[in-house]
Amino acid sequence: MDDSGAFASWAAAAIAQRWPHARLDQIAALRGDLSTRRFWRVALATRGDAALPASAILVDLGPDDLPRYVRVLNLLPSPITEPPWINLHRFLESIAAPVPALYAADPAHRAMLVEDVGQLSLLDAVRRPGADAADLFRLAAAELIRIHVDGTARIDARCIASQIAYSGRLFEWELKEFAEVGLAAVAPGAEYSSIAPEVATLAARLDRFPRVLSHRDYHRENLFIQNPSDQNGPRIRIIDFQDALMAVAAQDLAVLLTTRDTDEVITPPIERRILDFYCAGLARRGAPALDTAEFMLSYRLCVLQHALKMIGRFEMFERNGKPGYRRYIPHALAQARRMLAAIRPEFPKLSAALIP
């Protein structure tokens, strides 16, 4: 049953309570990605009051507060008392991260009304004529430094992310789809049993790096650019942070710089500039950090794991009737090959299977 009308009625009441001189004018469904959550852009009639927002985003939190991997692997030791989005939003606001404002929330009805951060994603901004990919991705890296440094320093048990670790168990569990369908899609005839020990080694090695507060899905479609032509420079905004957890720092960078077809705008030289910028930022903040060699190793391992995971996931999406994702598999395979070329002696069988 379509209950969008009930959410629209809730939004109308929430708007009237928050802004007595405004009302809901129009509402339009937004395309989601693969989440069970739903979103609508709500236009407000504000009687010309410039202090009020022209629009907001209505969110249906969906049936599940926790992602499947947390439930399957039992990664959270205690029950939650509020939706993770609200919990993480409170914490990220406390460190001045540029997250959307929360206007109204009703967890019992699974509804929220949040700030509309616009429609210009980081990827769309980079693809605009005259855009500088390195400059825009540096904005994203700068905010990542804030999350990794300030977030890690200030986090405590009140923040749900502090209780969930991106552990070796999770890294390995994420590769199940690569084992089931991904390997066959990119290396027909290869036997997963022969590379399984190396996949386990990859997960175990990632488990040994220190962890920081991690967004987890810090990619170009969860980052939005505002005021791209402003003389003071553009501003970046961050969404979809509800799955934050404690992870290897390089995991967020791997997602930011290599996910899907990001290689079309992030060349290896730009990638290196962003990584250098990130490391220099940690040094300026006096934050704990790996030495250069260990950091680059952690990054290569994170990119490799992410690429293998997404090969399996994209192939599984297609087989489950969610078209449009298989086109990203060649990009993920290229990233895996690129990383393996640098660490081939450590993963000889995986390299033999994936590198022609």
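The values are calculated or read from the model by the stated rules, or taken from the named source; none is laboratory data. Computed from a prediction, not measured in an experiment: that's the story for all the values here. Because the Cβ atoms are built from the backbone with ideal geometry, glycine has one as well, and the counts that use them run over all protein chains shown. Only protein heavy atoms, including side chains, enter the accessible area calculation; ligands, DNA and RNA are left aside. Shrake-Rupley method; radii C 1.70, N 1.55, O 1.52, S 1.80 Å.
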Task: Inter-site label distance for residue 128 and residue 23 at 7 Å from Cα along Cβ, in nm - done: 3.5
Task: the chain, accessible surface, carbon-and-sulfur percent (1.4 angstrom probe) - done: 52
Task: Accessible surface, the chain, averaged per residue in Å² (probe 1.4 Å) - done: 45
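Just to be sure I follow the definition: excluding the sites themselves, where is the longest run in the chain that has none of the GluC sites (Glu not before Pro) in a DSSP loop with at most 16 other Cβ atoms within 10 Å?
Result for the longest clean stretch: 1-190.
Counting other Cβ atoms within 10 Å of each Cβ, which chymotrypsin sites (Phe, Trp or Tyr not before Pro) in the range 55-96 have at most 15 and sit in a DSSP loop? Before the final figure, lay out each step's value.
Values: sites: 69, 85, 91; in loops: none.
Listed in order of number, the matching sites amount to none.
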TODO: Extending each Cα 7 Å along its Cβ direction at residue 334 and residue 93, get the distance between those two points in nm, one decimal.
DONE: 4.2
- [ ] Return the single residue from 215, 109, 306 with maximal mean-square fluctuation; model: Gaussian network over the chain, springs between Cα atoms under 10 Å.
- [x] 109
Task: Anchor residue 349: lysines whose Cα lies under 22 Å away (excluding residues fewer than 8 positions away in-chain) - done: 176, 309
Task: Gaussian network model of the chain, springs between alpha carbon atoms under 10 Å - residue of 162, 35, 55 with greatest fluctuation - done: 35
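Under a Cβ-Cβ cut-off of 14 Å, what is the net charge of the residues other than residue 111 that fall near it, where Lys and Arg count +1 and Asp and Glu count -1? Show your work: numbers first, answer last.
Numbers: positive: 18, 37, 38, 110; negative: 3, 60, 65, 82, 106.
That sum, taken over residues with Cβ under 14 Å, equals -1.
So which trypsin sites (Lys or Arg not before Pro) in the range 1-103 end up in coil per DSSP with only 10 or fewer other C-beta atoms within 10 Å? If you can, show how the numbers build up before the last one.
Numbers: sites: 18, 23, 31, 37, 38, 41, 47, 68, 71, 90; in loops: 31, 37, 47.
Those that pass, being in a loop and sparsely packed, are 31, 47.
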TODO: Please build a GNM for the chain, connecting alpha carbons under 10 Å apart, and tell me which residue among 336, 28, 51 fluctuates the most.
DONE: 51
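Would you kindly state how much longer the chain becomes between residue 208 and residue 176 on full extension, computed as 0.36 nm times their sequence separation minus their alpha carbon distance, in nm to one decimal? Mind dumping the intermediate values first?
Values: separation 32, 0.36 × 32 = 11.52 nm, distance 2.07 nm.
Full extension of this stretch gives 9.4 nm more.
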TODO: Can you pull the one-decimal nm distance between simple spin-label points at residue 119 and residue 193, each 7 Å off the Cα toward Cβ?
DONE: 5.4
TODO: Can you figure out the FRET efficiency of residue 43 with residue 352, using R₀ = 56 Å and their beta-carbon distance, to the nearest 0.05?
DONE: 0.50
Task: Structure-derived mean projected area of the Cα convex hull in nm²: which label, when the choices are (1) 19.3; (2) 29.6; (3) 16.6 - done: (1)
